[in-house]
Amino acid sequence: MSVAVAALLALCGCSSPSSEEADSAGKGNGESTVFAQAVSEVSREGSSAEKGVNSSGQTYGSALDVVIPADFDGTVEETKQFYPDLIAAQNSDGVEGYITVDDFFGDMPSSPERAVQGEYRKTLDGVTLFDKDGKTILGTM
């Protein structure tokens, strides 16, 4: 499952799952399950991820803590306001850190038609993993 799928769900107006939905991945409606799986790839430590504001004024925390109002009907760019600037992630080597919200959402297609054709980044491969200071590079995804 890719982060781009999660971003496309956000583009379609799907909301972030509640903690109950995220805990019950595989149950309920398919859109929430897909989103929960995509988020879990990025935020493996879930709600236990450290959260706060760094010295540069960037917020950091888990994507699993994000709550998007049910009546929210904004664009992907508008959806980003609900997320921390740096989102908790863990790479395949087990290194925990943070990726930027822009990397989390990935390269968005220019239109729904382009989305179907695959015009967007499909994986987090090569995305930089930062410390909570947003500057120190810990590795890549």
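Bear in mind these aren't lab numbers, they're just calculated from the coordinates by the rules spelled out. Just so it is clear, the model here is predicted, and its values are computed rather than measured. Here the Cβ positions follow ideal geometry from the backbone for every residue, glycine too, while neighbour counts run over all protein chains shown.
Per-residue extension of 0.36 nm, minus the Cα-Cα distance of Ile137 and Val76, leaves a gain of 19.3 nm for this segment. Protection proxy ranking of 129-141, 76-88, by the mean of other Cβ atoms within 10 Å over each peptide's residues and highest first, is 76-88, 129-141.
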